[in-house]
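Colleague: Let me give you the structure first, and then I'll get to my questions.
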Amino acid sequence: MTSQSGFASLRGAVALALLAPVAALAVPGVAMAQAGDPAAQTIEGLNAGLIATMKAQGGQAARARVIGPVVDRTFDIPAMARLSVGPPWTTFSPLEQANVVAAFRAMTVAQYAANFDSYSGEKLSLVGTVETRGTDKLVRTQLTGAGTNESLNYRLRENGGQWKIIDVFYRNAISQIATRRSDFAGVIAKGGAGALVAHLNRLAANPK
């Protein structure tokens with residue numbers, strides 16, 4: 001398994017990403033019992049899917065087939081795409097928005113399949129309590145084993161009666177959404193939605 005653990009898109013933008021999420025994580029929350037919490041159950045499903053992906057045989061395509069349905073169940077991909085784009089989202093046509101969402105999903109699946117690529121006894125465990133942050137919940141996890149000890153924390157929001165991930169925090173502070181918004185801004189400024197779709201497709205074809 002690679003050391004980035006599904007967060008290759010964070011490379012090269014760590015300093016900027018640290019600025020936005022710190023305030024978000026500092027907002028006082030109300031601790032909730034973790035057992036039986038629906039947000040925790042979502043993350044438990046993701047953790048099981050990631051371990052299954054790591055154990056899958058047959059290369060990148062086989063791992064993508066395992067993790068794809070897990071991504072669909074546990075991530076709010078449309079919301080993540082919209083948040084990653086930011087204000088320019090409202091300038092995209094409905095067709096352009098749909099194309100961005102599809103490409104964003106393809107990138108997400110490809111990166112998880114590429115980064116969770118082998119199994120050496122690693123474990124993904126829920127840590128502490130689920131915290132309520134306004135309308136969202138924060139679930140903390142720890143990836144351990146084979147020389148790995150990384151914090152992977154998730155922000156979830158209810159959508160249609162289901163709690164789904166809308167952001168991921170790497171090492172407690174690095175927001176995936178903030179990092180991607182920084183990455184996407186220049187692409188959108190140069191070529192709009194079409195350029196962003198092409199960029200996402202390149203990332204999906206060459207995941208890191």
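The values are calculated or read from the model by the stated rules, or taken from the named source; none is laboratory data. Quick caveat, the model's predicted, so the values are computed rather than measured. Virtual Cβ from ideal backbone geometry, glycine too; neighbours counted across all protein chains shown. Ligands, DNA and RNA are stripped out before the accessible areas are found, and what is left, the full protein with its side chains, is counted by its heavy atoms. Shrake-Rupley method; radii C 1.70, N 1.55, O 1.52, S 1.80 Å.
Colleague: Can you find even one residue in segment 6-17 that is closer than 21 Å to Arg140 by Cβ and modelled with pLDDT of 95 or more?
Modeller: no
Colleague: Counting only residues that are open to solvent by less than 30 Å² (accessible area, probe 1.4 Å) and assigned to a helix (DSSP H, G or I), how many does segment 174-186 have? Before the answer, list the steps.
Modeller: Step one: list which residues in segment 174-186 are open to solvent by less than 30 Å² (accessible area, probe 1.4 Å), which gives 174-180, 184.
Subsequent filtering for residues that are assigned to a helix (DSSP H, G or I) retains 176-180, 184.
Count: 6.
Yes/no matrix, rows are residues, columns are (1) touching a residue at least 40 places away in the same chain (Cβ under 8 Å); (2) within 18 Å of Pro88 (Cβ to Cβ):
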residue: Glu150; (1), (2): yes, no
residue: Asn153; (1), (2): no, no
residue: Leu156; (1), (2): yes, no
residue: Gly160; (1), (2): no, no
residue: Trp163; (1), (2): yes, no
residue: Thr179; (1), (2): yes, yes
residue: Asp183; (1), (2): yes, yes
residue: Gly186; (1), (2): no, yes
residue: Ala189; (1), (2): no, yes
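Colleague: Can you tell me how many residues in segment 34-62 are in contact (Cβ under 8 Å) with a residue 12 or more places away in the chain, within 30 Å of Ala195 (Cα to Cα) and open to solvent by less than 30 Å² (accessible area, probe 1.4 Å)?
Modeller: 0
Colleague: Here is a check on your reading of the model: is Thr90 assigned to a helix (DSSP H, G or I), of a type in the set (Val, Ile, Thr), within 24 Å of Gly191 (Cα to Cα) and open to solvent by less than 40 Å² (accessible area, probe 1.4 Å)?
Modeller: Numbers: assigned to a helix (DSSP H, G or I): yes; of a type in the set (Val, Ile, Thr): yes; within 24 Å of Gly191 (Cα to Cα): yes; open to solvent by less than 40 Å² (accessible area, probe 1.4 Å): no.
Answer is no for this residue.
Colleague: Still on this structure: Could you look through segment 76-87, keep only residues that are open to solvent by 50 Å² or more (accessible area, probe 1.4 Å) and within 16 Å of the chain's Cα centre (by Cα), and pick out the one that is farthest from Val187 (Cα to Cα)? Talk me through it step by step, then tell me what you get.
Modeller: Going residue by residue through segment 76-87, those that are open to solvent by 50 Å² or more (accessible area, probe 1.4 Å) are 78, 82, 87.
Checking the rest, the ones that are also within 16 Å of the chain's Cα centre (by Cα) come to 78, 82.
On the way: Pro78: 19, Arg82: 15 Å.
Only one residue fits best here, namely Pro78.
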